[in-house]
Amino acid sequence: MFRLSQYMDQLYHPTPPRRRKGPPKPVVIWNLTRRCNLKCKHCYTVSADVDFPGELTATQARDTLEDLGRFGVPAIILSGGEPLLRKDLFDLAARARQLTRMLALSTNGTGVIGAKADRVAEIGFDYVGISIDGIGATNDAFRGMIGAFGQAVAGVRSCKRRGIKVGLRFTITEDNAHQLPDLLQLCDDEGVDKFYLSHLVYAGRGNKHRGDDTGHLRTRRAMDLLIERAHASHKGAAPLEIVTGNNDADAVYFLNWARARFTPEEVAHVQEHLEAWGGNSSGVGVANIDTQGNVHPDTYWSEYSVGSVKDAPFSELWTGDDPMLAELRRRPRPLKGRCGACAHRAICGGNTRIRALQLTGDPWAEDPACYLDDAEIGVAGGAARLTNRPFTGDRHDPAPAFL
């Protein structure tokens, strides 16, 4: 995750970078259930409104939670499917609140109302992220349910009334990129605290629809808009925390933006922070437990498992001798192609490896979603390779209005 607003703040209020001392304990994204009331086009868990066999029992989930607490994970994100449809969600959440510093809920927002919203507030979730894919009918088409947009906005308002920090989570594609300005306006209108833009990852239904992924030029224009909005918060606009995920080239793009506007000393300070962060954190600072108890390097590595918490504690699996985890934790990683030749590997960490794996069968091949040209990443020749086409399809939709 690239915390754009945090690094923008460093240009105005610099603080010393924090270097890691030894392997970090991971943020754990835990898919508690695959059941969901929606049928989202790019769902990475391929969820549906049915019971799925083999999900962790209440006892297994509680034992796993206690292990996470003993292991000292800094944050737990309870996700799904739709986590609010798991019957023991609030029992698990109440205990998780005692065991970790940061507790978050990732939801489609349609159920964060009434008594359930009261429980979210009582337990003391630090953050509720509500997924949304556009305004009105656009969101409903992506989510597979008429009225999903209105219910999600109701969920936002319900959280705000109870003093819960709330954010919107948006996956950008060719079909909804044009509504990004409207979504940012929605954040301002509703007093949303945080906006998270996710680049498409080729996993679950997202893999089937990878031809809908945004083209390079469209991605750059989206980043321009986010950067300017983050900058505007320092120029009198309402505060809005902006983060992006699943394309760590965003950090390099931001650094180039800063280089054109700030002093060399200010840019060098931000670069030091970005290198201390190190980019892609799959298998390092982030982990996933799926609904069946399988442990993955992150939520999108669904076809690669480190093992199951049904057979061994998470803490043992994560600190064991799994070969893929060992490779993901190497610095530098054994990258190939443009990623291997990139001058900014210390910042992006090789970007999102699962896209390379899905397209080529090689997790160390170049990430096709890197939208920086050769000159920007220091590759010999400096040839531009930008396109307004999706990475893997042949559609060429008109550019969004904000391009």
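The values are calculated or read from the model by the stated rules, or taken from the named source; none is laboratory data. Computed from a prediction, not measured in an experiment: that's the story for all the values here. No Cβ is skipped: glycine too gets one built from the backbone with ideal geometry, and neighbour counts run over all protein chains shown. What goes into the accessible areas is simple: the full protein's heavy atoms, side chains included, and nothing from ligands, DNA or RNA. Shrake-Rupley method; radii C 1.70, N 1.55, O 1.52, S 1.80 Å.
Here are the numbers:
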read-out: Efficiency of FRET from Cβ geometry, Phe262 and Asp51, R₀ 51 Å, rounded to 0.05; value: 0.40
read-out: Where the range 135-288 is the region considered: accessible area per residue in Å², 1.4 Å probe; value: 34
read-out: Cross-link reach list, aspartates and glutamates versus Lys25, counting only Cα pairs under 20 Å and skipping chain neighbours closer than eight places; value: Asp63, Glu66, Asp67, Asp126, Glu275, Asp290, Asp298, Glu316, Asp321, Asp322, Glu327
read-out: Those Cys residues of the chain for which no other cysteine Cβ falls under 4.7 Å; value: Cys36, Cys159, Cys187, Cys339, Cys342, Cys348, Cys370
read-out: Prolate/oblate/rounded call for the range 238-353, Cα gyration tensor, a/c under 1.5 rounded; value: prolate
read-out: Computed E for Ile146/Asp189 - FRET, C-beta separation, R0 25 angstrom, nearest 0.05; value: 0.65
read-out: For the range 163-176, 3J(HN,Hα) per residue [Karplus equation, 6.51 cos²θ - 1.76 cosθ + 1.60, θ = phi - 60°, Hz, x = Gly/Pro]; value: x, 8, 5, 10, x, 9, 10, 10, 9, 8, 9, 4, 8, 10
read-out: Qualifying aspartates and glutamates (Cα of each under 12 Å from Cα of Lys39; at least 8 residues distant if same chain); value: Asp49, Glu82, Asp140
read-out: Per-residue [θ]222 nm for the chain (sum of -39500 (n - 2.57) over DSSP H runs n ≥ 4, rounded to 500); value: -10500 deg cm²/dmol
read-out: The range 211-336 - percent of accessible surface contributed by carbon and sulfur, probe 1.4 Å; value: 51
read-out: Whichever lysines have a C-alpha closer than 16 Å to that of Lys116, once near sequence neighbours (fewer than 8 apart) are set aside; value: Lys87, Lys160, Lys165
read-out: Virtual spin-label span in nm between Asp126 and Ala94, 7 Å along Cα→Cβ; value: 2.2
read-out: Förster radius 51 Å - calculated FRET efficiency between Glu272 and Asp311, Cβ distance, rounded to 0.05; value: 0.75
read-out: Between the range 159-179 and the range 125-154, the alpha-carbon center distance in angstrom; value: 8
